[in-house]
Structures are given as C-alpha cells and as structure tokens.
Amino acid sequence: KQWYQRRVAITAGGAPGGYGAPGGAPGGYGAPGSYGGPPRAPPPQQDQLHTIFTGVDKDRSGHISVNELQSALSNGTWQPFNPETVRLMISMFDKDGNGTINFQEFGALWKYINDWQNTFRFYDRDNSGSIDQNELQTAIASFGYRLSPKFFALLMNKFDRTGSRTISFDDFIQCCVLIQTLSAAFQRKDTNRNGWIQINYEEFMELVFSTKI
C-alpha cells in the first residue's frame, strides 16, 4: 500500500519526536524515537510533494483543511480516518495557526505521516493491518515508555473503535502522540527525574489544559 492513492494511505517509522533515554528511563517514561524501529522515510522530492498536495487540495485554495486531509487518508478499514487524529496532526504542523496546512507546512506533515506508517507496519508483526495489545505493548516499550499491562488494556479500550480488540493505523498515531505529549508535560514537572511529581488540584488542571492535545 502506498499512503497516497486517490485516497492517501499513510506510513510510520520510529515514533517521531520525543525525549529521554532509549529503552526506558526510571519512573516509567523514556524517549519515543527511531530507537529499535525501522528507518525513517527519506524526504520526498518537491515535484512529487507538489503532486500529492494538489491531489489533496480539492478546492484549490492552496491550503489543506481537516476535511480534505481526512478524505485523502486511508486507515486500512472501511471506516473514515479518525478526525481527531487528523486534527491533532494538522495542529502540530500548522505554524501560522489558521487551522489549515499550506504547501510549506505540508512537506513536514507528509514525512511525519510516512514515518508513522513505517512504524505501524514494523510493529504489526502478523501483517493483519491492525495492532493488538501485545504489538502495542512492544511498540510503546521500544519507544522508551515503561507501562503496566493494566494500562495497555486501558489504551486498547480507549483506542479500539471497532470492538475487535485491535487498533487501526489512525488510532495508533493518536494513541502514541498522546502518550508522548502527556509524558513531556509530566517531565517538565518532574524536576528530579524520578518519575514522581507533587502537584495540587489547580496545578493538575493547568497541566492538563495547557497541554496541546
């Protein structure tokens, strides 16, 4: 599958971004990155990127909206690509804050999507087109996060939208990005780097509402 067809079929390669030490750090968090995963996709040629951008930009506005990107992406199922995942990705690369992606911003987004698809395929060990709990646990652990089986069961319940006890590509992205984002917010408070923080109720609410998710 290619991530761009008439619909776009996305890719992943080591969880993009992150912090900490590969392989897990004390306190249960580490560094999502390319450690232990597949190589990242090479950057696309400008001509190829422009062709893809034009195919997604249906109204020829020079900007890609959430709806345009969602309709261009495929998650390997018959369901629409998760709109929350699309919104999350656009917010990450929308540098001017207008809620859309221009051509300059699209290059980074395109590579990000392809890196994620490579990662997804790498950890989909049975080539089923989805991630089960064991595969999810392997992926998250390789990104450097040390979490309990109980927590992984919670993740499966939250991100399994089909009731199949598996997670599709779009929900896998959302799951991993949320873990990374929340862990980074926690780390900013964990000044001793021991996996513990002490905050009051208002500080907790501030932590949650100031986190860009």
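The values are calculated or read from the model by the stated rules, or taken from the named source; none is laboratory data. Note that the coordinates shown come from a computational prediction; the quantities given were computed from them, not determined experimentally. Using ideal geometry, Cβ is built from the backbone for each residue, glycine included, and neighbour counts are taken over all protein chains shown. Surface accessibility is based on the protein's heavy atoms, side chains included, excluding ligands, DNA and RNA. Shrake-Rupley method; radii C 1.70, N 1.55, O 1.52, S 1.80 Å.
Brief remarks follow.
- Extension gain for A153-E84 works out to 22.7 nm (0.36 nm per residue, less the C-alpha to C-alpha distance).
- Restricting the trypsin sites (Lys or Arg not before Pro) of segment 87-127 to loop positions (DSSP other than H, G, I, E, B) with no more than 15 neighbouring Cβ atoms within 10 Å leaves K95, R125.
- Pairs from the table (K58/K111; K189/K212; K150/K212; K95/K158) lying more than 24 angstrom apart at Cα are K150/K212; K95/K158.
- If R0 is taken as 30 Å, the Cβ-Cβ distance between D59 and N127 corresponds to a FRET efficiency of 0.25.
- Segment 145-213 - percent of accessible surface contributed by carbon and sulfur, probe 1.4 Å: 55
- Close amide H pairs (under 5 Å, H built 1.01 Å from N) link I64 with I101, N102, residues at least 5 positions away or on another chain.
- Given a 1.4 Å probe and the protein chains as shown, V208 ends up with an accessible area of around 60 Å².
- In the full protein context, segment 55-144 carries 43 Å² of accessible surface per residue, based on a 1.4 Å probe and ignoring ligands, DNA and RNA.
- Per-residue 3J(HN,Hα) values for segment 199-207, derived from phi via the Karplus relation 6.51 cos²θ - 1.76 cosθ + 1.60 with θ = phi - 60°, read 9, 8, 4, 5, 5, 5, 4, 5, 4 Hz in sequence order (x marks Gly and Pro).
- Which of M156, M92 is most accessible, then next, and so on - probe 1.4 Å: M92, M156
- Extension gain for the segment S164 to N194, taken as residue separation times 0.36 nm less the Cα-Cα distance, is 7.1 nm to one decimal.
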